[in-house]
Amino acid sequence: MRILLDVNGARVEADVLPRVNLADFLREHLELTGTHVGCEHGVCGACTVRVNGEIVRSCLMLAVQAHGASVQTIEGLSDSGEISDLQAAFRDRNALQCGFCTPGMLMAAQDLLQQQELPDRQRIRQHLSGNYCRCTGYQAIIDAVESTARARAGHAP
Ligand code: FES
Ligand code: FES
């Protein structure tokens with residue numbers, strides 16, 4: 001099937017099989033490998049991307065369902081500079097080890113910070129609860145998101 005969509009601000013036109021999911025389309029067709037694939041059935045959050053401004057698990061969405069949509073991946077979000085402070089906080093607080101979960105975690109964290117200026121730690125945990133990390137134990141990730149929220153709101157970290 002022929003699909004037309006916007007990916008990270010660029011118009012994309014492609015022929016895809018109806019069974020191809022969005023994660024595989026982004027990774028294999030467009031070589032946007034920052035979108036990771038872990039569980040492939042909507043559990044781990046590694047494949048999180050934005051579609052029309054909402055975060056979705058791209059392993060659960062068919063590429064053909066993105067026809068006409070605006071898709072943003074971690075590459076686009078990173079290149080835009082929108083999350084440079086969040087990325088720096090992850091680095092400074094050692095909130096990543098192997099990095100497998102990190103793109104999805106950053107997408108989800110930015111989604112929360114857009115919804116709420118100063119979420120407390122419980123709210124951060126809740127919002128990131130669908131993003132699994134096998135390495136960090138989550139504390140450093142919560143710290144990084146909390147310190148970014150505080151800095152954006154003009155508070156001391
Ligand atoms: Fe999509 Fe795990 S790969 S949620
Ligand atoms: Fe390895 Fe999160 S840093 S899974």
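What the table below lists for this structure:
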{"read-out": "The stretch 92-105, residues that are more than 7 Å from ligand 2 (Cβ to nearest atom) and either among the acidic types (Asp, Glu) or without any contact (Cβ under 8 Å) to a residue 12 or more places away in the chain (or both)", "value": "92"}
{"read-out": "Count of residues meeting criterion [within 16 Å of ligand 1 (Cβ to nearest atom), touching a strand residue (DSSP E or B) at 6+ places or on another chain (Cβ under 9 Å) and more than 14 Å from residue 51 (Cα to Cα)] in the stretch 64-105", "value": "2"}
{"read-out": "Any chance residue 140 is within 14 Å of ligand 2 (Cβ to nearest atom) and in contact (Cβ under 8 Å) with a residue 40 or more places away in the chain", "value": "yes"}
{"read-out": "Number of the exception - residue 79 against (1) assigned to a loop (DSSP other than H, G, I, E, B); (2) charged (D, E, K, R); (3) under 20 Å from residue 12 (Cα atoms)", "value": "(1)"}
{"read-out": "First in the stretch 39-55 and within 12 Å of residue 22 (Cα to Cα) and near ligand 1 (Cβ under 7 Å from one of its atoms), second anywhere and in a loop (DSSP other than H, G, I, E, B) and of a type in the set (Gly, Ala, Ser), Cβ under 6 Å, 6 or more apart", "value": "47/58"}
{"read-out": "Count of the stretch 125-157 residues which are under 15 Å from the mean Cα position of the chain (by Cα) and part of a helix (DSSP H, G or I)", "value": "3"}
{"read-out": "Residue among 65, 126, 116, 122 that alone is surrounded by 14 or more Cβ atoms within 10 Å (Cβ to Cβ) and either closer than 22 Å to residue 10 by Cβ or not small (Gly, Ala, Ser) (or both)", "value": "65"}
{"read-out": "Residue satisfying condition, being surrounded by 14 or more Cβ atoms within 10 Å (Cβ to Cβ), within 16 Å of ligand 2 (Cβ to nearest atom) and more than 14 Å from the chain's Cα centre (by Cα), within set 14, 89", "value": "89"}
{"read-out": "Residue check for residue 75: more than 16 Å from ligand 2 (Cβ to nearest atom), buried (at least 18 other Cβ atoms within 10 Å of the Cβ) and of a type outside the set (S, T, N, Q)", "value": "yes"}
{"read-out": "Among (1) free of Cβ contacts under 8 Å to residues at least 24 places away in the same chain; (2) within 16 Å of ligand 1 (Cβ to nearest atom); (3) crowded, with 17+ Cβ neighbours inside 10 Å - the single one residue 108 does not satisfy", "value": "(1)"}
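Laboratory data are not the source of any read-out in this text; all were calculated from the coordinates shown. Treat the numbers as computed from the prediction; the structure is a model and nothing was measured. When we count neighbours, we look across all protein chains shown, and the Cβ atoms used for this are built from the backbone with ideal geometry, even at glycine.
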